[in-house]
Amino acid sequence: MIDPPPPTSLTHGPLDPEGVPPSAAVISAVRALAPATTTSDALKCSVLPDSEIVDACQALPPQVVAWAIEESARTVEMIEAFYPGVPDLPVDSIARAIESTLLQICRLLVGGTELTRFTDEYRGFSRDAARRGVHVRLIVDAMRIVQQHWVSVFLDVIGGVPASPDLQQILTITSRVFDAVVDTFITEYLAEREQLLAGQLAWRRATVQGLCEGSSSVDTGLVQSQLGIDITRYHLALVLWFPGIAAGYELERVARQITSIFPENTLLTVPVDDGQMWAWLSFPCVPTPDTVTNLDGLRPSVPGVRVAYGPVCAGAEGFRQSHWQARDSAAAARISHTSDTVTSWDTTGLVTLLGSDLERARWFVSARLGPLARSDAAAAEQRSTLRSYIESNQSLVHTATAQHVHRNTVVYRIRRIEDTLGHPISQRRTELYCALLLADYFGTHVLLP
């Protein structure tokens, strides 16, 4: 839990810039305030604890406290009227905070020199607002409206056009009080939001982790209500990362950019600790292959961000499968020498699987390619020729075209390669091809010095 900050404090003594206490006219006018009803009836309408009202009546005449209670109720009605379209406006919390604040201003206007812990009311208020998701700007704007309203009220209280010092005192006191209020509110609001988001993120990670581990205890109905996705739909998983440090919001931007490629999708994102972001796009029906491959041409809105994605798969098991295949592709891409921005499991699945253990992959490459596994230019040329030869179904003509050389050059190279290997290419064609894929993708990680 985040410890709450200490109460906002103002220096003891007069609050106006020149150190002058409220004038006799201001003090007299405030002390003469009285409720529209009887004092006892008005005091019964307070929304604050009885102990706070008793304390206020010791610092102020009881009829002033009663007036403040009535004025606070009118102010709350004004706020409700100002925000009619906000169903979750925390009215009860607002009422307590408003009443506490107005009593504090009255104390100061009659010559009080210390702030009480009135901002404590705003701690509960701010936490309530944060939990309800009320936007901070909405509350701060309401506070400033109340401040302006009360300045007008107190100017009316002292009657006519006030003397310049009186006006300065009223403006200074209300401004200092409301500055303390806004500071307390924002600090507490942000702290509460941080706790809420941390809790939501922890729950989201735990739920996603359970899905990815194939846990049978995950409630699919709860997944839909809390994560916002229908787990029975089709899912395409992504892993986003930046070679270095990237803020979560930058990866989120790219994830949202990707959603524009696909029609009718739902996005789920989960930041992870090592600077990556996991994401899923969920679809009501399978997107066309052409739509999926459009992702390969992505140009991230945040330069440098890289993306790996898995295949589109169905249901809870598909959610899990696509994720692990995207993660495998991302892990392979991070250590490969490829500079591709986007990596697809469909195009790298085999080499990703073969290279899941680089040490063993290096042993395999060395055993199958022998001297062709060296890191020099001559060996690289031989590997390129051999791969073209196998991919063209051992066609000399097609290999020559792919290598941009004469057919006779290919004949010579293939003869040299088979002499180096010590056996015909056809004898271990599949294994040779797998070794070539590993060498091309992982480079020096699997090649000989």
Value of relative contact order over the chain, rounded to a whole percent, pairs C-alpha under 8 Å and six or more apart: 11
Among [x] 1.08; [y] 1.13; [z] 1.59, the entry that matches Cα Rg over 2.2 N^0.38 Å as calculated here: [z]
Order of Ser51, Ser356 - criterion: other Cβ atoms within 10 Å of each residue's Cβ, fewest first: Ser51, Ser356
Sorted by Cβ density within 10 Å, fewest first, the residues Ser126, Ser375, Ser339: Ser339, Ser375, Ser126
Residue exposure sequence - His323, His406, His235 - by fewest surrounding Cβ within 10 Å: His406, His323, His235
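Only the coordinates and a few stated rules stand behind these numbers; no lab work does. All of these numbers come straight from a predicted model, not from anything done at the bench. Here the Cβ is made from the backbone with ideal geometry for all residues, glycine too, and neighbour counts use every protein chain on show.
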